[in-house]
Structure formats: C-alpha cells, structure tokens
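The values are calculated or read from the model by the stated rules, or taken from the named source; none is laboratory data. These numbers were taken from a predicted model, which means no experiment stands behind them. Ideal geometry is used to build each Cβ from the backbone, glycine not excepted, and the neighbour counts take in all protein chains shown. When the accessible area is computed, the model is the full protein with side chains, heavy atoms only, and any ligands, DNA or RNA have been set aside. Shrake-Rupley method; radii C 1.70, N 1.55, O 1.52, S 1.80 Å.
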4 protein chains.
Amino acid sequence: MSGTASEPALHRPGFGISTNVGHANAQRIELRRYDLVDDLIGHTSYTETLLLTVTGRRPSAAQVGAVDAVLVSLVDHGMQPSALAARLTYSAAPDALQGALAAGVLGAGSSLLGSMEQAGKLLADIGAEVRAGTGPRGAAERAVNRILDDGRRVPGFGHGLHRDGDPRAIRLLEVASELGVAVEETGWLAAVGAAIEERTGRRLVVNATGAAATILLGVGIPWHLHRGLAIISRTAGLLAHIGEELDQPIAPQVRNALREASWLTEEHGPTGGPDA
Amino acid sequence: MSGTASEPALHRPGFGISTNVGHANAQRIELRRYDLVDDLIGHTSYTETLLLTVTGRRPSAAQVGAVDAVLVSLVDHGMQPSALAARLTYSAAPDALQGALAAGVLGAGSSLLGSMEQAGKLLADIGAEVRAGTGPRGAAERAVNRILDDGRRVPGFGHGLHRDGDPRAIRLLEVASELGVAVEETGWLAAVGAAIEERTGRRLVVNATGAAATILLGVGIPWHLHRGLAIISRTAGLLAHIGEELDQPIAPQVRNALREASWLTEEHGPTGGPDA
Amino acid sequence: MSGTASEPALHRPGFGISTNVGHANAQRIELRRYDLVDDLIGHTSYTETLLLTVTGRRPSAAQVGAVDAVLVSLVDHGMQPSALAARLTYSAAPDALQGALAAGVLGAGSSLLGSMEQAGKLLADIGAEVRAGTGPRGAAERAVNRILDDGRRVPGFGHGLHRDGDPRAIRLLEVASELGVAVEETGWLAAVGAAIEERTGRRLVVNATGAAATILLGVGIPWHLHRGLAIISRTAGLLAHIGEELDQPIAPQVRNALREASWLTEEHGPTGGPDA
Amino acid sequence: MSGTASEPALHRPGFGISTNVGHANAQRIELRRYDLVDDLIGHTSYTETLLLTVTGRRPSAAQVGAVDAVLVSLVDHGMQPSALAARLTYSAAPDALQGALAAGVLGAGSSLLGSMEQAGKLLADIGAEVRAGTGPRGAAERAVNRILDDGRRVPGFGHGLHRDGDPRAIRLLEVASELGVAVEETGWLAAVGAAIEERTGRRLVVNATGAAATILLGVGIPWHLHRGLAIISRTAGLLAHIGEELDQPIAPQVRNALREASWLTEEHGPTGGPDA
C-alpha cells in the first residue's frame, strides 16, 4: 500500500499514497468497501458507521450498543471550563463555529482526553502480556507498580467529584456485561483495581473514562484513538452549550467580570513603571 | 437566566451565569433534566442523546433516523485535504490526537462547513417569510435573486464532482420522505431549485449539504449549529484516517515529496540574495 | 511555478508544487533567497525578518519601526475572554501549550481579527479605486455608504471602551507620520472618517485596528494577511498570561465558580425529566 | 493575588481573579505597569515588548538581540508538512485565516515544539542541580543517563537533515557568546554534549532547538513557555506561505493528487462489500 521504499516519491501515482478508508468518483462513494448510498445511509446509525469506518469491520448490534453507551456517557458534565471556552470563543467569532468547537475540544484536556488514552493504553499493555502467556493478575500488578513507582496516578480510577463511585462507570460496565461486550477487558480492569488496593490499601473506584476505555478496547478500537471517541461525545455537549449561548448568553457577564478583574485604577501608579 | 443587567456581575452567585444543558453533583448527572445514568446510558443512541442535548427535547424515532442518515452521509469523501492535514499533524504530534482532529476539522472549510450553514440559513430565511404569510415560491425566488445578484452561489445546490446528481442528496431526501421528516423544509428546498432554474435556465442538482441542512432544520436544529453536525460526522472519517496512519503511514511519502519541492539547489544562487 | 494545467499532477516533480518562501538542504537554509545563517540570524530583528518573509522584500528601517509599533500595540488589553480561554485550556492540558495558544487565538475573534482584516480590505478597495483615477474622497464616500447601507459598522472606527479616542490609534498614526510610512493610506483613512461624519453626523474615532491596518497596507502587506499580524501580537500577551497561570493560577477559581453555576440541586427534580 | 482559599469564589470581586500582565480603562492601557502608549508604542520593538510582557522585566539590548536571533532562526525550513497543512486549510476556508495558522501551528508538532520544550526542561533541571551545589558535568551526566536509559533521545542534539552540524545552532551560540547572553546555560549545554559522547561514543551536534532553548532560558523565559517562542517564530513563516498561496496556489495540485490517490475504480468491487 505504501509502495517500495526505494522508489522516489515523486514518480509514484498520487505520490505513492493510498487509503482503504474511502473512495469516490462522480457516481459512487464507498466507505470501507460499502456503498455509502445503497448500504449505509438510512440503513445504519452514526455509531455503527463510526465503528465500521474506524475498525474496517461491520460491528455487531451489541458492539454498537456498548459504544453508544460510551458516547452518551461523556456528552456533558455540568458547565466545564471547556464549555466556557467554547461559548466565549463562539461569542467572539460567531462566523466560525468550528473555532469555538476546536477551543472547547482543546480545553477538554488531560482529565478527559488524556485519561481515556492512558486507561486504554494501560489495558492494552496488560492485554499484550496476557496474550503472551501471563495471567491478568500478575500483568496488572506489574503495570500498576510501574505507574505508582513513577509517582503517577493509575488512569481509569478515582475521580475528584464522584468519590464514592462514578455512577457513569458503574452503569457502563453494567451495559457491557448485559451485552456481553469487552468481557476479557473488564476482567483486566478488575485486576487493575485489585492491584491498586493490594499495593496502596485503598479501594479506588473505576471512573467513566476507565470504563469507557475498557469497552472501546473490547470492540477493537486501538487505544491511540480513544481520545477521538471522547471528543465526538463531548462535541455534542459543546454544541448544545453554544446553542444555548445563542439564546441565553453568558459571555457578556463573563466579559464584565473579566473587565472588573483587570480594570486599571489609580493604585497601578503613574506612567513609567518600574525599572528593569 | 441572565440576571438583571444593572446588578454588578461580581455579586451574583456563580457570577450570574447558569445553564439548562446539564448539571452534576457528587451522586448524579443530569442532561436536559434527564438522569444520565438511569434514563440515557444504555437506553439511547448517541444520535438520540445528541438531539436531546442540543434541542432540549427528546426526539422521535423518525427524527433520530433522519439525523443518523445525515451524520452517516458526511463521514468521508475519499482522501480530502482535511484528511491529509489531520494525518500530517498526527504524524508530527502523536501525543496530541485532539490537535490532529482540530487541524482536520479546521480544514474542512467552506465546501462542507460553510455550505451546510449557508444552506440552513437560506432555508430558515425562507421559512421565516412563509410563517409570516408569503408563499414558498415567492420567498424562494426573492432569496435566490438576492444571492445571485450578489454574485454568490446558491448554497445547497451544485457539486464540483457529482455534476449529474449527488447520490448522497438523493438518498437523504428519500430517507426523509420515508420517515415523514422535514416535509415543509423539503418543499422549500424544491422551491429554491425551481427558482434557480427559472432565473438561470440551468437545473442544478441538490448536493449533500443542501439535503442535510433541510433535514436538520426539519428536526429543529437552528442553522447556526449545522456546521457542528457536519463536524461530528467528518470527525469519524478523520479518526479513521488517523487510525490508518498508525498502520499505513503516508506522512513519510508526503514529507519526501515536500522536501523535493523545496530542496535548495545551486540554481537558487549565492548568499546575499537580491536587494530590497 | 505551478506547472502546466493539463499535465497530470502525479507526474510532475514534487507533484508540481514549488515555493519561493524558503529552501533548505543539509548545509544551508535560505529565506527569500537570503542565507538564514550568514545574512539574517544576528543581523536582523524578528520584525524585519517577518516583513522580508511575508513580502519578499527587505524592509526599510522606517517600515520595521512602524510594524513594530503595530505589533506592540495589540499585545494585550487587560484580561480578555481569549486570555481566559487560553489559561483554562493550558490548565486542562499543560502538556500541549500550542493548544492553549490556539484556543486563545481562536477566541480573539471578530473584534480584533475580523476588524483588522475588514479595515485593511476597506482601505485596499479605496486604494484600488484611487489608482484607477478616482479621488480618495469620492472613493471613501462610496465605500462608506455601501457599508452603512448594508447595516454594518465601518471597520477601523469606534470602540466600545475608548469612546473619546483610542490612545493606541492616535499614537500609531503619530509614529507612522514621524517615520513617513503609509502616507497615502493615512489619507484614505482620514477620508473614511470624514465620509462617516458627513453621512451620519457623528465623528467616530479611529480605533487601534484601523490605524494598524493603515500601516500594514502601507508597508505592503496584503489585507488578507492582516489577521496574522494581530495574531502574532496577541500571542505574546497570551503567552504571558499562560506564564502567569503557572505561578498565580486563576483556573481553580473559575472552575469553582462554574461548578457553583451548574451544581445539581433538589430544585432540578426527580429522574425521568419532562416528556418530549 | 488569588484570594483566600476558603472564601467562596462567587463572593470575591471579579470572582477572585486578578492579573499583573496588563490592565486597561477608557483612557489608558498598561502592560506590566508601563504605559502602552507613552512608554512602549514607537519606543520598543516587538521582541523587546514580548520579553517585557512574558518576564515582567524590561530586557537589556543584548537579551533582545539574542531572542531576535532565536525568533529569526525558526521562521521556516523549506516546505514543511505544517506549511502544507496551513495552505490547504487556508484554501478551504479563506475567511478564517486564524484556522489556517492554528492548523499549521498544531502540525509543527514534536520535532519543533516538543523538542524546544524538552531541551529547555533538560537544561533547567541541570541548572536546578547546579544551584543546589552539584557541578554541571555531574548534573549533565545524570540527566543524560536518565534519558538514554529510558530509551529516549536527548533533546537539543542531533538532526535528521543537518547531520554534520546544524548551521542555525552554530550561529545562534555564536550570537549568544558575542552578546554575553546565556553564558551559564551554554556551559550546561556543552556539558550535555560531552556526556552524550562519553556515554555513547558518538559526538552529536547541537540542533537549532537546543541552542534556542539555551538562549531563552538564559534570558529568563521558563522552559514551559519555550514552545510559545517557537510558535511565534514559525507563524511568520506560515503567514508567508499563506500569502504565497494567494498568488501561487498549490492546493489545487494537492487536491488533484489526493483525488487520484482515492479515486474509486472498478477494482474496488461491487456494492455490498465484505461481510463483517
């Protein structure tokens, strides 16, 4: 697919690139070899097509249901800094909604995005060891110790707000169990929890991103892409916030509060400022 | 919701802002007054929750089906510049997937995003006139003339590649009709097409963004937010391209081609360059 | 430079692209035909190299001084929503400073970026008419009437805060005059101000972006790129705010205020929510 | 500056935030206690004001010269993937230049941005040990061993293209030496190079980001912010590329090449695609 390494790039058709994701000509569009119009539009949900496009395989109904659950669970969590950033940006540039969504997505940061990815990587690493012959308990213990020795937090566990249990996580694992999805991965997640308790004496609760990563891995989405699903989910919430900004703006109040915070008053002294 | 205009911002609780999108405390999370865990996760699809969150109303099955069709139709269209931008950015910064997705989204530009929004606005303007008593035909003619007089293109019609008909558009309108969704709006769209033909003598085909905007308006999504749905759709395709970049990278070939294009050779002369 | 239109893209070296901005090989790097190392590093300021790179011509000292004044004038304006967005984003994702700067830049929006560009375009349009033979007064009047008839504001004039005169604008035009830069363009700007007063009876003050656009046009920067200079300027201020966030964070207080604004209390009712 | 931790956020003026970066009222604007209009515009260069704003201190002429050298050195490096991403994005959305610049900046990625930051952190860590009493040689060896043991590359050294010496780095260190800037930091950089050679037997050349980080640290810019200077520098180059796209577009050729790469031909089979 990538052509011979030694052949100069410029002489290969389309400079040597190709893709299996999708193709189009004037009459037809294919998405992973399915005809977009005849096979997909009006026959599949967005989530089903998302899975097909990303994994290259048509998903089962159970897999779609589990991923729907993940996408639903991360849509919104009250007025977050990312929602505020999106609303402020939209207010400043209403002609460029994509900028506001980008600002909101960029602001979702480590607690949502990084956490999803790291939880996915942790479980994927354990899975790799398990496939090589190690038992899940031992693999989980080694992984947890490596992280805790580094002074880092174990991703997928703990939450600043939901200290007694993240209701979204509990429900997600319940849905996965009902649908028979991510059975192995859920076992690895439990092994991680047990390893944390054994090492620290504390029982940390699974959080939403930990449960989400478990399911995504179980349906075949590489951990490298987990952030993308969190982004798709959170974009729905950000879009709703931007829509609310149209009718019930908060940007004016925030701008007023900011102006008050940086108003230049006499106490800031005469011109000339301090010396270097 | 926005508080009294005269009261200083700093003295109002939460500096005077509030939201109806969602709320959370340590035990529960609500999305538009529905309990996220008990009512939504495992009971709704992403698309259904997207509609609830954005419009504030629980959608009907027909509305969900129509919006699913829209989201599926815009996922990918072959290797687009936005997909290339996303893959190049991911290759340069694999530790920040959100940056790659943002780059891809920003690059979707006018042909997808602007077009969706403008088509939605055009139909919304016609709808406003219709609700004020004008017939759709007259409203469409006035709107079309205004646009063509300005030297602009009528959004929602025509396509550089699919000159004899955009298969996605035909299928989308078929799905909307089967589901009984956006009946009025589809009539306005047809009136626009007729007005174009009457004014220019040319019969332009409806394109995918025109059909998509028709459906989104019909389910109650304000035209200001239509770009957001296009972005959610296209993000799925971009995520798939980034996933493919993990296994079958094209960035190396592109970097080689770019290096060849900007290689410093003797013909570029000695140091000193031209005078100012 | 772009190759023959009819020749297939894939058969041209470097797929038919080339650039005059810069070239490099293993030993040397050229920027607009100047040797980066021997001619520029340590011999020019950033602003001088910025002008050379963008316009392709080595600027005069007066031109550099005028552009320096523009870049200095737009660095910061108190705690703006864009600064808040940048600080919140950095707090959420400190491992990706570029995301925080991007969020801040995207949030600078219409009042800074769009305004710079529109003021530049307005003056460029007047300049085009003048070069075609019209007097500046008439060209300005026609342009102003076109804008006001459209119900829009004349860019470059007026300011929400500095109602009696934007001190930055006055100083910028003073600097331009002292340096003998943008003499013609300053005349066009004055003609616009006179045309506004004649049409509306109100004397609007020139604002910073209007004065900035005047100077940038005068040194040969196309109006399409004016936003870029505003961005470079504002990035310095955003970087300073992010630096302050490292030592004196405000994100925690903002997150607290947001949490208070969206805390789920009993008044939000039992599960089940309203019907569709 | 941040208020008492225990006092509820909502009751503090401006919800408890303040800033030292800048303030404004209707008549005056201050930047780090200097009057923007009377002290800075027309009296300072952009680089000087950048340093004042970020560090809070008025820089010396030598410091300004060294930072100018850094900013000039990273403006462009031939047609990079980030330049291509910026040009493609601008071509798709010419009404939103900030999106194109954001796309280009996001695509500058690890090789420029991450590398600047990591080199700065490495030197800052060595500096911390030195201030605590360790000699630079020992501190450098420990730091280098830690990195190499981790299987990572030592930031600031080595370059894929400039294998026999990065001309920009050599020149930058020369300028710093002439100006008497970053003397200590340059010593630490040399110690790192020596430690690499001692550990690996290979003499790696200092690269541009390594030399740049050395200078930036030497003038008092925290390593956390180094990416920001790289971004400001590279934005100038991206802006030039976008300007060139206006006159000599490459996006059409790239779109053609991409279309060829993803054209749907008969070999892609009939509708229906493969089974799940």
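Would you look at the GNM of chain D, springs on alpha carbons closer than 10 Å, and say which of D:91, D:233, D:115 moves the most?
D:91
Above 18 Å lies some portion of the pair distances; for region B:72-164, what is it as a whole percent of all C-alpha pairs?
Of the Cα pairs, 59 percent sit more than 18 Å apart.
To the nearest whole percent, what portion of all C-alpha pairs in the protein assembly as shown is separated by more than 46 angstrom?
So the pairs more than 46 Å apart make up 31 percent of the total in the protein assembly as shown.
I want to verify a result. In a Gaussian network model of chain D, Cα cutoff 10 Å, which of these has the top mean-square fluctuation: D:176, D:240, D:100?
Answer for the Gaussian network model of chain D: D:240.
Please compute the Cα-Cα pair-distance distribution of region D:47-262 with 10 Å bins starting at 0, giving whole percents from short to long.
With a bin width of 10 Å, the distribution comes to 8, 31, 31, 19, 9, 2, 0.
Using r as the Cβ-Cβ distance of residue B:134 and residue A:132, and R0 as 60 Å, what FRET efficiency do you calculate, to the nearest 0.05?
With R0 = 60 Å, the Cβ-Cβ based efficiency is 0.25.
Once the other residues with Cβ under 12 Å from the Cβ of residue B:36 are scored (Lys, Arg +1; Asp, Glu -1), what is the net sum?
-1
How well do other chains shield peptide B:220-231, expressed as the mean number of their Cβ atoms within 10 Å of each residue Cβ?
That works out to 4 on average.
Between copies, how close do the residue B:62 label points come, placed 7 Å along Cα→Cβ, listed in nm from shortest?
Inter-copy label distances (nm, one decimal, shortest first): 3.5, 7.2, 7.9.
At residue C:246, label 7 Å along Cα→Cβ: distances to the other copies, nm, ascending?
3.3, 3.6, 4.1
Would you list which lysines come within 28 Å of residue C:121, measuring only between C-alpha atoms, while excluding same-chain residues fewer than 8 positions from it?
B:121
Under the convention of a label 7 Å out along Cα→Cβ, give the distances in nm from residue C:153 to the same position in every other copy, shortest first.
For residue C:153, the inter-copy label distances come out at 3.2, 4.2, 4.8 nm.
Nothing charged except the Cβ atoms of Lys and Arg (+1) and of Asp and Glu (-1): what's the magnitude of the dipole of the protein assembly as shown about its Cα centre? Round to the nearest 20 debye.
0
Per residue, what accessible area does region B:107-170 have, given a 1.4 Å probe and all protein chains present, in Å²?
Ligands and nucleic acids excluded, the figure is 47 Å² per residue.
Can you give the Kirkwood hydrodynamic radius of region B:157-230 from its Cα pairs, in Å with one decimal?
With all distinct Cα pairs of region B:157-230 included, I get 12.6 Å.
Would you mind telling me which residue in A:186, A:47, A:19 has the biggest mean-square fluctuation in a Gaussian network model of chain A, where springs connect alpha carbons within a distance under 10 angstrom?
Largest GNM mean-square fluctuation: A:19.
Specify which residue in the list C:242, C:92, C:133 is farthest towards the positive end of the charge dipole of chain C, using unit charges on the beta carbon of Lys, Arg (+1) and Asp, Glu (-1), about the Cα centre.
It is C:133.
Please list 3J(HN,Hα) in residue order for region D:55-68, calculated via the Karplus relation 6.51 cos²θ - 1.76 cosθ + 1.60 where θ = phi - 60°; whole Hz, with x for glycine and proline.
Using θ = phi - 60°, the values come out as 8, x, 10, 5, x, 7, 4, 5, 5, 4, x, 5, 6, 4 Hz.
With respect to the axis carrying D onto A, what is the closest chain D residue by Cβ position, and how many angstrom separate it from the axis?
In chain D, the Cβ lying nearest the symmetry axis toward A is D:96, 2.
Name all residues of region A:160-187 having a backbone nitrogen under 18 Å from the label point set 7 Å from the Cα of residue B:26 along its Cα→Cβ direction, giving them as ranges.
Correct set: A:160-170.
Let me know the mean shielding of B:111-122 by other chains, meaning the per-residue number of their Cβ atoms within 10 Å of its Cβ.
Counting Cβ atoms of other protein chains within 10 Å of each residue's Cβ and averaging gives 2.
Work out from phi, with θ = phi - 60° and the Karplus expression 6.51 cos²θ - 1.76 cosθ + 1.60, the ³J(HN,Hα) of each residue of region C:245-260, listed in order in whole Hz, and give x for Gly and Pro.
Karplus-based 3J(HN,Hα) across region C:245-260 equals 4, 5, 9, 10, x, 10, 4, x, 5, 5, 4, 4, 4, 5, 5, 4 Hz.
Count the DSSP beta bridges whose two residues both fall in the protein assembly as shown, then state the antiparallel fraction as a percent rounded to the nearest 5.
So the antiparallel bridges amount to about 85 percent of the total.
Can you show me the helix-derived [θ] at 222 nm for chain B, built from DSSP H runs with n ≥ 4 at -39,500 (n - 2.57) apiece and divided by the number of residues, rounded to the nearest 500.
-17500 deg cm²/dmol
About its Cα centre, what dipole magnitude does chain C give when the only charges are +1 on Lys and Arg Cβ and -1 on Asp and Glu Cβ, stated in debye to the nearest 20?
640
What residues have an amide H closer than 5 Å to that of residue B:157, excluding those fewer than 5 places away on the same chain, when H is modeled at 1.01 Å from N in the peptide plane?
Correct list: B:207.
If amide hydrogens are placed 1.01 Å from N in the peptide plane, which non-local residues have theirs closer than 5 Å to the one on residue B:262?
So residue B:262 has HN proximity to D:79.
Treat each spin label as a single point 7 Å out from the Cα along the C-beta direction, and report the residue C:163 to residue A:177 distance in nm.
Those two pseudo-labels are separated by 6.5 nm.
Before we go on, tell me the buried accessible area for the D/C pair, both chains summed, 1.4 Å probe, in Å² to the nearest 100.
Counting both chains, the buried surface is close to 7100 Å².
Roughly to the nearest percent, how much of the accessible area of the protein assembly as shown is carbon and sulfur, given a 1.4 Å probe?
Using a 1.4 Å probe with all protein chains present, the protein assembly as shown comes out at 49 percent carbon and sulfur.
Arrange the residues B:111, A:18 by how much accessible surface each exposes, largest first, with a 1.4 angstrom probe.
The residues order as B:111, A:18, largest area first.
Quick one: which of D:116-122, B:242-248, A:143-149, C:67-73 comes out on top by average Cβ neighbours within 10 Å, and what's the full order, highest first?
C:67-73, D:116-122, B:242-248, A:143-149
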